[in-house]
Structures are given as structure tokens and as C-alpha cells.
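**Q** Okay, handing you the structure first.
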Amino acid sequence: MTTHSARGTCALCGSSHPLSTFVPASSLAGGTRGRMLADWPELTPDAPICPACRARYRRQHLEALLEAERGELTRLDHAVLDSLESGRMLTQEPGAEADEARTLGERAADRLARLGGSWGFLIGFALVLALWMAVNVTGLVVGIFDPYPFILLNLMLSTLAAIQAPIIMMSQRRQEEKDRLRSENDYKVNLKAELEIRHLHETLEHHLARQWERLEAIQRLQIELLEEAAGGAEG
Ligand SMILES: [Zn+2]
């Protein structure tokens, strides 16, 4: 019973929420309230507005702001607005996401590219080449199986180079994709922060102005009371 009495109804969508989550229409910053008034002209200043409606109109306001400044909105802009409306965090680590999504072939390419680009591989490879040549010049241990000028070795080296190039390209392409995701995420986070700060500014200015108005009203009241008291003392 007490929980029921502590709930209220939103003036816009009519949904029921705990009273503490409501905010009167007059306390919303100008842009957001302007959007609301355009849809609901009969809205009173103390009409209770639920969080979902506030988020919806705030989004409309920010969307209009963005559109006015930049024209057509991109997929990324919409993702930012969605995240602003829902209050969810934006994806923080796009690199990790891309890593998890890679296929077996891509993972193998990454590993091979990493191995091929290491000092260990270079030194090991140089040792194998030197050993191959030494064996085929001296004929020790296994005899001469690829005499000077090492045609079999040449064939193997060119085969290796032919295989290595596409593997490196595969790995590079994935790296580029990762970089793209990262920069997209940076853009989204920056845009969201900018919009949030702008909205905070609006709200703060709105509240300062309102506080000033109230202060003035209180002062006027005090002066009136003082004048009344002075009048009463004289009379
Ligand atoms: Zn509502």
C-alpha cells in the first residue's frame, strides 16, 4: 500500500514510476522543455516528467542540435544518441571485440606474421641457410643433395616468400580494421562527452537563472513584509 502511494504518473506518457524519479517540467533546460512544449502545448510547469520521457526529449533536442550544425547524421552519430538516451556506456575496447571475432585462419595469419617479423625467426633462418650451404659444399653428414648454386634452396626460398606476402597482408588488413574500430569508438566517446557537457551547461544555466528569479521573489516578499510591519508600527 505504501509502495503504491509512493508512485506517481508521468504527465506525458502516463506510466507509473516511484515519485522520487520524477522531475517537474519547469526544472528541465530550455531546449529539452521547448521540444516537450511543441508536442504538449498544455504542459504545466509543475507537471511530473518520468526519466524515459526526459531522455527521449533530451535526445530529440541534441539530435536537432547536431543536425543543425552538421546536416545529415551518420551511423556513428545515431549510435551516440542511442547511448545517450538509454544511459548505457559505449563499447570501451573495440580491439578486444575484434580479437574475439576473428576466425581460425585469421588467428593463424596473425601468429605467423608475428613469428615472421621476429629476430628469432631471422636468426634461425640465417642459420638454416648457412647449414644448408655448408652441407652442400663440404658433403659432410648427409652428402651433397643440392650442389652449388643451390637450386632447390632457391625454389624453397621463393615459395616461402610467395606464401609469406599474403599472410602479412591478411594480418595488416585486420590491423587496419582494428584501427578503424578504435578511431570510430574514439569519435563516439568524444561526441558523447561533448553533447553531455553541452547539456549539463544548459541545465546549469537554467537552474542558475531560476534560482536568481526565486531569490528576487523572496527579496520582494521581505520588503513587502518590512513595509507592512513599518506601516503597522506607525499606525
Ligand atoms: Zn513519461
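**Q** Report the net charge of residues surrounding V189, where surrounding means a beta-carbon distance below 11 angstrom and charges are Lys +1, Arg +1, Asp -1, Glu -1.
**A** Details: positive: R182, K188, K192; negative: E184, D186, E194, E196.
My count for the surroundings of V189 gives -1.
**Q** Separate question: What does the net charge come to around R54 if you take all other residues with beta carbon closer than 12 Å to its beta carbon, with K and R at +1 and D and E at -1?
**A** It works out to a net charge of +4.
**Q** To two decimal places, what compactness ratio does region 103-235 give when its Cα radius of gyration is scaled by 2.2 N^0.38 Å? Each step should come with its number before you reach the end.
**A** Details: Rg = 39.8 Å, N = 133, 2.2 N^0.38 = 14.1 Å.
Normalised Rg, Cα atoms only: 2.82.
**Q** I need the P(r) histogram for region 194-235: all alpha carbon pairs, bin width 5 Å from 0 out to the longest distance, whole percents.
**A** 5, 22, 12, 13, 11, 8, 10, 6, 6, 4, 2, 1, 0
**Q** Given the alpha-carbon gyration tensor of region 42-140, what are the semi-axes of its equivalent ellipsoid in whole angstrom, ordered largest first, with each equal to the square root of 5 times an eigenvalue? Don't skip to the end; give the middle numbers.
**A** On the way: eigenvalues 819, 39, 16 Å².
After diagonalising the Cα gyration tensor, the semi-axes are 64, 14, 9 Å.
**Q** Taking θ as phi - 60°, what are the ³J(HN,Hα) couplings along region 115-123 by the Karplus curve (6.51, -1.76, 1.60), each to the nearest whole Hz, with x for Gly and Pro?
**A** Taking θ as phi minus 60°, the curve returns 5, x, x, 10, 5, x, 5, 4, 5 Hz for region 115-123.
**Q** If you don't mind, another one. Give a residue-ordered list of calculated ³J(HN,Hα) values for region 16-25 (Karplus: 6.51 cos²θ - 1.76 cosθ + 1.60, θ = phi - 60°; whole Hz; x for Gly, Pro).
**A** Values per residue, Gly and Pro as x: 9, 9, x, 4, 5, 8, 7, 9, x, 4 Hz.
**Q** Follow-up question, since we're still on this one. By how many nm would the segment from N154 to W119 lengthen if fully extended, with 0.36 nm per residue of separation less the alpha-carbon distance? Provide the component values of the computation, followed by the final result.
**A** Numbers: separation 35, 0.36 × 35 = 12.60 nm, distance 2.20 nm.
Between N154 and W119, full extension yields an extra 10.4 nm.
**Q** Now, a different point. Would you mind getting the accessible area per residue of the chain, heavy atoms of the protein chains only, 1.4 Å probe, in Å²? It would help to have the intermediate numbers written out before the result.
**A** Values: 16160 Å² over 235 residues.
It amounts to 69 Å² per residue over the chain.
**Q** A follow-up question, please. Name the residues whose placed amide hydrogens come within less than 5 Å of the amide hydrogen of R7, ignoring near sequence neighbours (fewer than 5 apart) on the same chain.
**A** Residues meeting the amide H criterion: L19.
**Q** On a full-extension model of 0.36 nm per residue, what is the gain between R102 and V189, subtracting their alpha-carbon distance, rounded to one decimal in nm?
**A** Details: separation 87, 0.36 × 87 = 31.32 nm, distance 2.44 nm.
In short, 28.9 nm is gained.
**Q** Also, I was wondering about something else. When you count, for each residue, the other Cβ atoms within 10 Å and take the mean per peptide, how do 26-37, 47-58 rank with the highest first? Walk me through the intermediate numbers first.
**A** On the way: 26-37: 18.2, 47-58: 19.8.
In decreasing order of mean packing, 26-37, 47-58 become 47-58, 26-37.
**Q** While we're here: First compute the accessible area of the chain with a 1.4 Å probe, then give the percent of it belonging to carbon and sulfur atoms.
**A** On the way: 10110 of 16160 Å².
Answer for the chain: carbon and sulfur cover 63 percent of the accessible area.
**Q** Something else now. Mean separation of Cα pairs under 8 Å and 6+ residues apart, divided by the residue count of region 1-73: what relative contact order is that in percent? Write out the running numbers ahead of the final one.
**A** Numbers: 74 pairs, mean separation 22.7, N = 73.
The value is 31 percent.
**Q** Mind listing the long-range amide H neighbours of A47? Cut-off is under 5 Å, sequence gap 5 or more, other chains count too, H placed in the peptide plane at 1.01 Å from N.
**A** Excluding prolines and chain starts, which carry no amide H, the hits are A25, S26.
**Q** Run a plain Debye calculation on the chain (Cα atoms as equal point scatterers, no solvent) and give log10 I(q)/I(0) at q = 0.12 Å⁻¹, rounded to two decimals, same order as the q list.
**A** -0.90
**Q** Quickly estimate the mean residue ellipticity at 222 nm for the chain, helices only: each DSSP H run with n ≥ 4 gives -39500 (n - 2.57), and the total goes over all residues, rounded to 500.
**A** Taken over the chain, the calculation gives -25500 deg cm²/dmol.
**Q** Moving on. Starting at the first residue of region 129-142, write each ³J(HN,Hα) from the Karplus equation 6.51 cos²θ - 1.76 cosθ + 1.60 with θ = phi - 60°, in whole Hz, x for Gly and Pro.
**A** 4, 4, 5, 4, 5, 4, 4, 7, 8, 8, x, 6, 6, 10
**Q** Continuing with the same structure: From the C-alpha gyration tensor of region 1-73, pull out the three semi-axes of the equivalent ellipsoid (sqrt of 5λ each), sorted largest to smallest, in whole Å.
**A** Values: eigenvalues 152, 30, 16 Å².
Working from the Cα gyration tensor, I get semi-axes of 28, 12, 9 Å.
The values are calculated or read from the model by the stated rules, or taken from the named source; none is laboratory data. Note that this is a predicted model, so its numbers are computed, not measured. FYI the Cβ positions are ideal-geometry reconstructions off the backbone, even for glycines, and counts take in every protein chain you see. The accessibility values were calculated without ligands, DNA or RNA, using every heavy atom of the protein model including side chains. Shrake-Rupley method; radii C 1.70, N 1.55, O 1.52, S 1.80 Å.
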